[in-house]
Amino acid sequence: MTEKHHFTHNWDEKNKRVSVSGLSDFDLRQTLECGQCFRWNREQDGSYTGVAFSRVINIRQEDRDLIIENCTQDDFLTIWVEYFDLNRDYGKIKKVLKADDPVMKRVISFGQGIRLLKQDPWETLISFIISQNANIPRIKKCIESLCCQFGAPIQQYRGKTYFAFPTPAAIIEGEPGALGTCRFGYREDYILKAAKQIGQDGGETLYEAASLTPGDAEQYLLGLPGVGPKVAGCILLFAMGSYSSFPIDVWMKRIMHQLYGLDEGNLAQIAAFAQDKYGELGGFAQQYLFYYAREGKNREEMERGSC
DNA sequence: AGCCAGGCCCAAC
DNA sequence: GTTGGGCATGGC
């Protein structure tokens with residue numbers, strides 16, 4: 001019994017273009033700019049070009065359609081359907097979260113088209129080690145630098161060279177001192193140690209962690225250098241399909257205080273509240289809340305700038 | 001200029 | 001087991 005498809009797709013083999021139509025609850029911009037991923041760049045025409053799983057694509061949305069350029073049908077089916085979580089019924093999820101919760105009704109209306117991307121665990125691990133005590137523009141720069149320095153070139157696309165996310169071996173065997181040019185600061189040591197540890201078995205343990213129970217997977221992740229509860233939560237949620245995971249950072253603390261009156265300093269209280277209120281859907285709730293928190297900041301800045 | 005950023009580590013209780 | 005200071009760096 002396969003899951004029901006909520007979309008149809010066509011492909012143009014000659015032009016390497018795949019068109020997806022009939023999507024609902026999908027907003028490309030919200031999905032790619034809500035802070036879960038760092039390697040997508042918005043082009044002049046509103047499309048996005050990015051790299052995941054060593055493939056370069058350009059993607060744009062027109063109403064309920066997606067147009068994916070530089071993409072074979074095979075890649076669409078084996079990579080991008082899962083990456084963009086196209087088979088999940090987000091209408092149902094939002095309905096459950098909104099039931100008897102006016103807060104979530106408002107929060108979800110802001111990010112109604114967010115999807116949880118299914119990303120690569122190794123890339124997600126390193127990306128969120130980098131993310132600690134940094135802001136999103138800086139995280140993007142660090143990752144870009146890492147990929148340019150150590151990643152394998154994939155292809156020239158529209159005049160630019162795109163690089164794969166580097167393997168652990170590529171990072172370990174890179175030019176001594178090259179890591180320093182990425183400007184990771186104190187995170188550099190975590191990254192090098194993580195690369196050594198993960199590279200030891202070719203990433204096997206990390207990739208198998210996804211099939212453990214969420215609790216066991218979290219315990220494994222917490223043993224990696226530079227990985228604490230928040231980073232582990234992001235890896236579980238964005239790469240391992242643990243959708244009950246509810247990563248709590250400074251934005252989440254603030255917004256949970258603002259919206260639900262919880263104590264910002266009491267991490268355990270916030271976690272327990274989320275577990276109780278959102279349960280298995282915690283990860284989805286977390287993304288809507290995080291987006292709302294950051295959108296709210298952007299709104300304030302716009303308002304300040306205009307007067 | 002100075003505060004803050006998708007926190008974690010480690011020492012001191 | 002909990003708490004708090006220190007932490008490289010750059011965005012804003």
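The values are calculated or read from the model by the stated rules, or taken from the named source; none is laboratory data. Just so we're clear, the structure is a prediction, and the values are computed from it rather than from any experiment. Please note: Cβ atoms are built from the backbone with ideal geometry, for glycine as well, and neighbour counts cover all protein chains shown.
A few remarks follow.
- For the stretch A:69-77, the condition of being of a type in the set (A, V, I, L, M) and either over 23 Å from residue A:210 (Cα atoms) or surrounded by 16 or more Cβ atoms within 10 Å (Cβ to Cβ) (or both) holds for none of the residues.
Each row is one residue, and each column tells you yes or no for (1) outside any helix (DSSP H, G or I); (2) outside the structural domain of residue A:79 (by TED's automatic domain parsing); (3) over 19 Å from the mean Cα position of the chain (by Cα).
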| position | (1), (2), (3) |
| --- | --- |
| A:186 | no, yes, yes |
| A:198 | no, yes, yes |
| A:201 | yes, yes, yes |
| A:207 | no, yes, no |
| A:246 | yes, yes, no |
| A:274 | no, yes, yes |
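- Residue in the stretch A:209-222 that is buried (at least 18 other Cβ atoms within 10 Å of the Cβ), of a type in the set (A, V, I, L, M), within 21 Å of residue A:283 (Cβ to Cβ) and in contact (Cβ under 8 Å) with a residue 60 or more places away in the chain present: yes
- From the list A:138, A:158, the lone residue that is among the charged types (D, E, K, R), surrounded by fewer than 18 Cβ atoms within 10 Å (Cβ to Cβ) and touching a strand residue (DSSP E or B) at 6+ places or on another chain (Cβ under 9 Å) is A:158.
- Filtered residues of the stretch A:247-259 (kept if in contact with a helix residue (DSSP H, G or I) (Cβ under 7 Å, 6 or more places away or on another chain) and near DNA strand B (Cβ under 8 Å from one of its atoms)): A:247, A:248, A:249, A:251, A:252, A:254
- Qualifying residue in the stretch A:70-81 (condition: part of a loop (DSSP other than H, G, I, E, B), in the same structural domain as residue A:180 (by TED's automatic domain parsing) and not basic (Lys, Arg)): no
- From the options A:191, A:139, A:143, A:126, residue that is aliphatic (A, V, I, L, M), in contact with an Asp or Glu (Cβ under 9 Å, 6 or more places away or on another chain), at pLDDT 95 or above and within 16 Å of DNA strand C (Cβ to nearest atom): A:143
- Total residues in the stretch A:226-249 satisfying the condition of being touching a Lys or Arg at 6+ places or on another chain (Cβ under 9 Å), without any contact (Cβ under 8 Å) to a residue 60 or more places away in the chain and either within 16 Å of DNA strand C (Cβ to nearest atom) or under 16 Å from residue A:190 (Cβ atoms) (or both): the figure is 2.
- Lone unmet requirement of (1) within 16 Å of DNA strand B (Cβ to nearest atom); (2) under 30 Å from residue A:169 (Cβ atoms); (3) surrounded by fewer than 19 Cβ atoms within 10 Å (Cβ to Cβ); (4) touching a residue at least 40 places away in the same chain (Cβ under 8 Å) for residue A:37: (3)
- For the stretch A:164-184, a residue qualifies if it is at pLDDT 95 or above, outside any helix (DSSP H, G or I) and small (Gly, Ala, Ser), and the qualifying residues are A:164, A:178.
- Flag for residue A:200 being among the polar types (S, T, N, Q), more than 14 Å from DNA strand B (Cβ to nearest atom) and under 22 Å from residue A:101 (Cα atoms): no
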